1. Return the residue satisfying two criteria in turn: it lies in the range 31-46 and is polar (S, T, N, Q) and within 22 Å of Ile4 (Cβ to Cβ), and of such residues it is modelled with the highest pLDDT.
2. Return only the number of the condition from (1) of a type outside the set (Lys, Arg); (2) under 17 Å from the mean Cα position of the chain (by Cα); (3) under 24 Å from Ile210 (Cβ atoms); (4) surrounded by fewer than 22 Cβ atoms within 10 Å (Cβ to Cβ) that Ser16 does not satisfy.
3. Do any helices (runs of 4 or more DSSP H) entirely within the range 78-172 hold 1 or more residues that are exposed (fewer than 13 other Cβ atoms within 10 Å of the Cβ) and of a type in the set (Gly, Ala, Ser), and if so, which?
4. Going residue by residue through the range 123-132, is there one that turns out to be within 29 Å of Gln6 (Cβ to Cβ), charged (D, E, K, R) and free of Cβ contacts under 8 Å to residues at least 40 places away in the same chain?
5. May I ask you to verify whether Val163 is closer than 21 Å to Asn91 by Cβ and either under 14 Å from the mean Cα position of the chain (by Cα) or at pLDDT 95 or above (or both)?
6. Scan (1) surrounded by fewer than 16 Cβ atoms within 10 Å (Cβ to Cβ); (2) part of a helix (DSSP H, G or I); (3) touching a strand residue (DSSP E or B) at 6+ places or on another chain (Cβ under 9 Å) for the single condition Val199 breaks and write down its number.
7. Kindly indicate the residue of the range 140-163 that is out of contact with any strand residue (DSSP E or B) (no Cβ under 8 Å at 6 or more places or on another chain) and among the aliphatic types (A, V, I, L, M) and also farthest from Glu127 (Cα to Cα) among those meeting that condition.
8. I'd like to verify a number: residues in the range 106-124 that are within 19 Å of the chain's Cα centre (by Cα) and either within 24 Å of His54 (Cα to Cα) or among the hydrophobic types (A, V, I, L, M, F, W, C) (or both), how many?
Amino acid sequence: MDFISQELDDYVCAHSENEPQLLYDLNRYTHLNVLLPRMLSGHFQGRLLSMLSHMIQPKNVLEIGTYTGYSALCFAEGLAENGQITTIDKNEELEDFVNEYVAKSKFKNQIKCVIGNAIELIPEMDEQFDLVFIDADKSNYINYYNMVIDKLSTGGYIIVDNVLWSGKVLEPVDPNDLDTKVLVDLNNIVHEDSRVQEVLLPVRDGLLVIRKK
């Protein structure tokens, strides 16, 4: 679902900061060569993620769902000095591709790409995170939220992508549609969680921005 017209989307992109050349190349290559390019954050959302990262200036970022590395590179732009990003994905087929683009970036020494199951890896992490980005398998979104909330610094942020799910969150949920059910439940869980402040932004497919009190 497009929440604004293509003309307005073009205008928004035209009046937002240009993508850095590396991200422009990554964006284009992903759309030409990788399955499901719609999963990419893209120009406008990517600039928003970069802006949020600059505002937060995180020292330690966890990203759940690397895809082709676009969002990790956006977050890297706003890292605090000597800040680090750990990005996890289970798709081994994209590993070499992601590593290639990360290696071209000036942030290459600040981004650690991990291949594996985040459900298994996160409980083993001892770090406290200032920023967590959740953009992976929707059926585990509630699990991810519950896993990271105690690993989040006070005043830290969780950003969750795809929480409007092409408008399906407004429709009666098919009992067999686990992804939509989980997203509806997550939005309600976060809204009722007294530990956090949240705002749901209708950016692309919905970005839920959560601050731990």
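1. For the range 31-46, the residue satisfying everything is Gln45.
2. (2)
3. Where helices (runs of 4 or more DSSP H) fall fully within the range 78-172 and carry at least 1 residues being exposed (fewer than 13 other Cβ atoms within 10 Å of the Cβ) and of a type in the set (Gly, Ala, Ser), they are 95-104.
4. no
5. Judged against the criteria, Val163 is not a match.
6. (2)
7. Looking at the filtered set, the residue picked out is Ile142.
8. Result for the range 106-124: 12.
The values are calculated or read from the model by the stated rules, or taken from the named source; none is laboratory data. The model shown is predicted, which means the values in this text are computed figures rather than measured ones. Every residue, glycine as well, gets a Cβ built from its backbone with ideal geometry; the counts of neighbours run over all protein chains shown.
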